[in-house]
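Report on the structure given below.
The values are calculated or read from the model by the stated rules, or taken from the named source; none is laboratory data. No experiment lies behind these values; they were computed from the predicted model shown. Glycine gets a Cβ as well: all are built from the backbone with ideal geometry, and neighbour counts include every protein chain shown. Surface accessibility is based on the protein's heavy atoms, side chains included, excluding ligands, DNA and RNA. Shrake-Rupley method; radii C 1.70, N 1.55, O 1.52, S 1.80 Å.
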Amino acid sequence: MQVDVVLGLQWGDEGKGKVVDALADRYEVVARFQGGPNAGHTLYHGGQKVILHQVPAGIFHETVKCLIGDGVVMDPEILMGEVAGLERMGVDVEERLFLGRGVQLILPVHRWLEEVSQEGERIGTTRRGIGPAYADRYARRGIALGDLEKADYRRQILDLVAYHVAHFPGASQVEVPERFWAALESLRRLRWVSTYEWLRHHKRVLAEGSQGTMLDVFAGSYPYVTSSHTTVAGVCAGLLVSPRQIGQVWGVIKAYATRVGAGPFPTEITGELAFWLQERGGERGSTTGRLRRCGWLDLVLLKYSIEINGVTALIVTKGDVLAGLPSVKVRVGGPDDAPIYEELPGWESVSDPNYEAFLRWIEAQTGVPVWAISTGPQREDWLIRRKDLMPERA
Ligand code: GDP
């Protein structure tokens, strides 16, 4: 088995969904390995915009199986809502989607915990209970999909709710609504597998990262991070594969930078240019609807991300958004609070030689080839620069 990986190298929203969709048919399996419904992978199918929060972005390919692997935390109501939406579009989800038994459940009490702890305000989380669900996992009291095979699973869930509520004196009992129990039951019509066993029967796997390296719980700007490992290490942990099974590591970057929520952002731009980027780039969170903070590309952080992930090739997105600027800046050094920039000539379009020069400059600075560029949001807006790096079909 070989596992190739698509990772965001910045703060997420680099356009990974589109990249996974484009690469998917070269693999037998597309697998999510971390995160939860805080992901919002936007892609276009038949001209229709689709945002996937839980289902891997390979789902529109008939020949590809999709796995939600053990490292993921999953909200049954959100997942089944998404499944229903895909089925309305004619996608045979039951045939294509597989759930690892080790996937941990996000319960209504996890969302409640995020509200009462005000984590949402402090960190700028998506308020979907993801942090508390991971916290329960690491505290060894979490509930996995496979636990629903036990006779007393309802008791186990109610006990966990009671455990949390007891820590907030004066809080009224947190209800587990009927629609949650119903969503749990409907999960049973999907196929549950042992992530380890099932993956071993496949030769070519594409691991789909969500968020970005700078949001990794260990490698990112803690505490302004997500709750999981968004790096290549997360692939090994979340899919139970060895580092030796990792093949290509595709690093996705935007030609500029964005960040949602609080935390350091050395190259942040404010004022009119930021509004312009937000507007042109559609920089609004696909999960939360919040406007994204915008900034210049940060080569210092990019080199760090490339190194800790062993990135083998880069994919650059959204260069079209910067088109028309007389020049663009890239951070090349200096401390976080006093970044040093290099200014490069701007481009009129992504076919302008100045854009090609920008890409070559990134290659020279990082030592990593830019394999492909995305030239717009649509499925066909692609340009492969290095055909020799294209993965073979499964
Ligand atoms: P992800 O979470 O990394 O998958 O990123 P998102 O899907 O949240 O954000 C990427 C957004 O940019 C989506 O709305 C895409 O349709 C769009 N997008 C992706 N690539 C390009 C590109 O090259 N140019 C433009 N203009 N938009 C793009």
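For the range 32-150, what is the convex hull (Cα atoms) projected area averaged across all directions, in square nanometres?
Values: hull surface 31.5 nm².
If you wrap the Cα atoms of the range 32-150 in a convex hull and average its projections, you get 7.9 nm².
Put the Cα centre of the range 49-125 next to the Cα centre of the range 266-297 and the gap is 26 Å. A straight line joining the Cα centroids of the range 163-193 and the range 198-237 runs 26 Å. How big is the antiparallel share of DSSP beta bridges in the chain, given as a percent to the nearest 5? Given both bridge residues lie in the chain, the antiparallel proportion sits at roughly 35 percent. For the chain, the longest principal axis of the alpha carbon atoms and the long axis of helix 153-165 meet at an angle near 70°. Couplings for the range 72-81, taken from phi via the Karplus curve 6.51 cos²θ - 1.76 cosθ + 1.60 with θ = phi - 60°, read 8, 9, 10, 9, x, 5, 5, 4, 5, x Hz in order; Gly and Pro are left as x. For the range 104-187, the Kirkwood hydrodynamic radius from C-alpha pairs, put into Stokes-Einstein at 10 °C and a viscosity of 1.306 mPa s, yields a diffusion coefficient of 119 µm² per second.
A straight Cα-to-Cα reach below 17 Å connects residue 150 with the aspartates and glutamates 159, 185, residues fewer than 8 places away in its own chain not being considered. Annotation: amide H of residue 204 within the under-5 Å range of 2, 28, 29, sequence separation 5 or more or interchain, hydrogens built in the peptide plane.
Roll a 1.4 Å probe over the protein chains and send me the accessible area per residue for the range 180-237 in Å².
Working: 2250 Å² over 58 residues.
Result: 39 Å² per residue.
Dipole size of the range 104-187 about its Cα centre, with +1 on Lys/Arg Cβ and -1 on Asp/Glu Cβ: approximately 160 debye, rounded to the nearest 20.
Taken per residue, the accessible surface of the range 346-394 reaches 55 Å², heavy atoms only and a 1.4 Å probe.
Each of residue 393 and residue 166 was given a label point 7 Å from its Cα along the Cα-to-Cβ line. The distance between the two points is 5.9 nm. The equivalent ellipsoid that matches the C-alpha gyration tensor of the range 124-272 spans semi-axes of 32, 26, 14 angstrom, in descending order. Rg and Dmax of the chain, based on Cα coordinates, read 20.8, 66 Å. The calculated FRET efficiency for the pair residue 378 and residue 175, based on their C-beta separation and a Förster distance of 41 Å, comes to about 0.40. Treating r as the C-beta distance of residue 150 and residue 200 and R0 as 30 Å, the FRET efficiency rounds to 0.75. What does the C-alpha gyration tensor say about the overall shape of the range 343-392? Classify as rounded when a/c is under 1.5, otherwise prolate if a/b is larger than b/c, or oblate. Judged from the Cα gyration tensor, the range 343-392 comes out oblate (a/c at least 1.5, b/c at or above a/b).
Applying 1/(1 + (r/R0)^6) with R0 = 25 Å to the Cβ-Cβ distance of residue 1 and residue 364, what FRET efficiency is obtained, to the nearest 0.05? If you can, show how the numbers build up before the last one.
Numbers: r = 34 Å, r/R0 = 1.37.
With R0 = 25 Å, the Cβ-Cβ based efficiency is 0.15.
Pull up the cross-link candidates among the aspartates and glutamates for residue 65, meaning alpha carbon to alpha carbon under 19 Å and not fewer than 8 places away within one chain. Correct list for residue 65: 4, 21, 25, 28, 82, 87, 92, 94, 95, 197, 208, 392.
Expressed as a fraction of 2.2 N^0.38 Å, the C-alpha radius of gyration for the range 253-389 is 1.02.
Phi-derived couplings, Karplus 6.51 cos²θ - 1.76 cosθ + 1.60 at θ = phi - 60°, listed residue by residue for the range 122-132: 5, 9, x, 6, 7, 6, 10, x, 6, x, x Hz, with x used for Gly and Pro. Overall, the range 253-389 carries a charge dipole of about 400 debye about its Cα centre when +1 sits on the Cβ of Lys and Arg and -1 on the Cβ of Asp and Glu, all other atoms neutral. Residues whose amide H falls under 5 Å from that of residue 9, counting only those 5 or more places apart or on a different chain, are 213, 252, with hydrogens built in the peptide plane.
Going by average Cβ neighbours within 10 Å, how do the peptides 102-112, 39-49 rank, with the highest at the top?
Numbers: 102-112: 22.8, 39-49: 16.5.
So the order, starting with the most tightly packed, is 102-112, 39-49.
A dipole drawn for the range 253-389 from +1 and -1 charges on Cβ atoms has a positive end, and of 309, 257, 373 the residue lying farthest that way is 309. Between residue 159 and residue 354, full extension at 0.36 nm per residue minus the direct alpha carbon distance yields a gain of 64.1 nm.
Straight-line cross-link reach from residue 387 at under 20 Å between alpha-carbon atoms covers these lysines, not counting any fewer than eight positions away in the same chain: 16, 18. Would you work out if the range 1-91 is rounded, prolate or oblate? Take a ≥ b ≥ c from the square roots of the eigenvalues of the alpha-carbon gyration tensor; rounded if a/c is under 1.5, else prolate when a/b is larger than b/c, oblate otherwise. In terms of gyration-tensor shape, rounded.
Basic side chains Lys and Arg get +1 at the Cβ, acidic Asp and Glu get -1 at the Cβ, and with that the dipole of the chain about its Cα centre reaches some 600 debye.
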